[in-house]
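We did not get these values from a lab; they are worked out from the coordinates using the rules stated. Since the model is a prediction, treat every value here as computed from it, not as a measurement. Here Cβ is always computed from backbone atoms with ideal geometry, including for glycine, and neighbour counts include all displayed protein chains.
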C-alpha cells in the first residue's frame with residue numbers, strides 16, 4: 001500500500017533527484033540527477049532500496065514532512081540532523097545514517113545541512129512520474145520531479161507504506177559515515193589547454209580558488225587569477241560534460257556541474273575526473289579549492305577506489321534494533337544485501353555503476 005508524505009515546510013531549493021536522465025544529450029537534455037549519487041546511494045542502502053531510487057536532495061536545509069495515513073520508512077544521509085514531532089506535542093531528535101519509521105500524524109523536521117549536501121531516502125523511492133525515463137528534477141526546463149521545481153508547502157509525495165515491506169531497516173554498524181576522499185580536485189588537462197597562454201595551466205594548478213556566489217547545479221564560478229588565452233576564448237560549439245572547466249573571455253574559470261548544458265563554445269583548459277565530480281556538489285560560496293593534474297591511469301584507479309570505499313561502508317551496515325524505529329529485516333532481505341561477505345563482488349548486481357559520475 002502506498003503512503004503519503006505531506007510537505008508542511010518545503011525548505012530552500014529541495015529537489016526530487018534520482019540517478020539521472022540518460023540517453024537524451026543529442027536533443028539537448030542534460031543527465032541531471034543527484035549531484036552526489038554516492039550519497040544518495042547511501043541513503044537508499046539504509047532502506048534496502050535500489051541505489052538509484054528517487055529521493056530528496058537537500059543543499060541547505062531540509063523540509064518538514066508529515067506522514068498522513070500510513071507509516072513510512074525513511075533514511076537520512078549527510079551532515080545534518082532532524083526532529084520527530086508527535087501529534088501529542090512530544091518531540092525528540094532523529095539522527096542521520098540510520099533508517100526509521102515515521103508514524104501517521106508524525107512530522108519530521110529536517111534541520112540545516114552543516115556541510116555540503118544531504119539526501120532523504122524514502123522506502124521504495126519517491127513515486128513522482130518519470131519524464132524521459134527519470135524522476136530527477138531539471139529546473140531550467142521544468143522537467144521531472146514535482147513539475148520540474150523545488151518542493152512547495154502542500155506538496156504530497158507518494159511512497160511505499162512500511163507495511164508493504166519495501167524498506168529493510170538498516171543502520172550503520174561502526175558509526176563512520178561515507179565521505180569522499182579529501183584533497184585537491186583531480187583534473188586531466190584539456191581538451192583545449194593548448195588554446196591558453198603559456199603558464200595558464202600552471203596557474204590553474206598552482207593557485208587557490210574560491211567558489212563564487214553565483215554558482216549553482218549548472219556550474220561553479222571560480223574567483224582567483226585570470227587565465228589568459230592565446231587568441232580568444234571562443235571555439236565552434238561542441239559537446240561538453242560535467243567536470244569540464246570552461247574559461248570565457250574574462251579569464252574566470254567555470255566548472256560545469258551536474259545540470260551542465262550539453263554543448264558549449266568556450267575553451268576548456270581541463271576536466272575534473274569522474275571520481276571527484278560528486279565533491280563539486282559539496283562546495284559552497286566562499287569555499288577554497290585547489291586542482292592537481294593526474295593521468296588517465298590515475299583517474300581510473302581513483303574511480304575504482306571510490307567504488308571500493310563505498311563497498312566497505314555498505315559492508316558495515318547492520319539490522320536496526322526493533323522498537324520505535326524500523327522493523328527488523330527478514331533473512332531473505334539481509335541475504336540480498338550481501339552484508340556478511342562478498343560485498344565487493346556482489347556490487348555489480350546491486351549498484352548501477354554506469355550511473356555514477
### Cα centroid separation, region 265-315 to region 1-58 (Å)
20 Å
### Query
Which value, in Å³ per residue, describes the convex hull spanned by the Cα atoms of region 89-133?
140 Å³
### Task
Express in nm, to one decimal, how much length is gained between residue 26 and residue 261 on full extension, taking 0.36 nm for each residue of separation and deducting their alpha carbon distance.
83.5 nm
### Centroid-to-centroid separation of region 225-258 and region 59-102 [C-alpha atoms, Å]
42 Å
### Query
What is the extension gain from residue 316 to residue 231, computed as 0.36 nm multiplied by their sequence separation minus the C-alpha to C-alpha distance, in nm to one decimal?
25.2 nm
### Query
With labels modelled as points extended 7 Å from the Cα through the Cβ direction, what inter-label distance (nm, one decimal) is found for residue 132 paired with residue 114?
3.8 nm
### Distance between modelled label sites at residue 103 and residue 213, nm, 7 Å Cα→Cβ extension
4.7 nm
### Summary
Under the 7 Å Cα-to-Cβ spin-label approximation, residue 9 and residue 296 lie apart by a distance in nanometres of 5.2 nm
### Cα gyration tensor, region 185-300 - rounded (a/c under 1.5), prolate or oblate
rounded
## Note on the structure
Residues of region 102-127 with backbone N under 19 Å of the label point set 7 Å from the Cα of residue 284 along Cα→Cβ are 110-120
### Surface/4 estimate of mean projected area, convex hull on alpha-carbon atoms of region 4-100, nm²
7.3 nm²
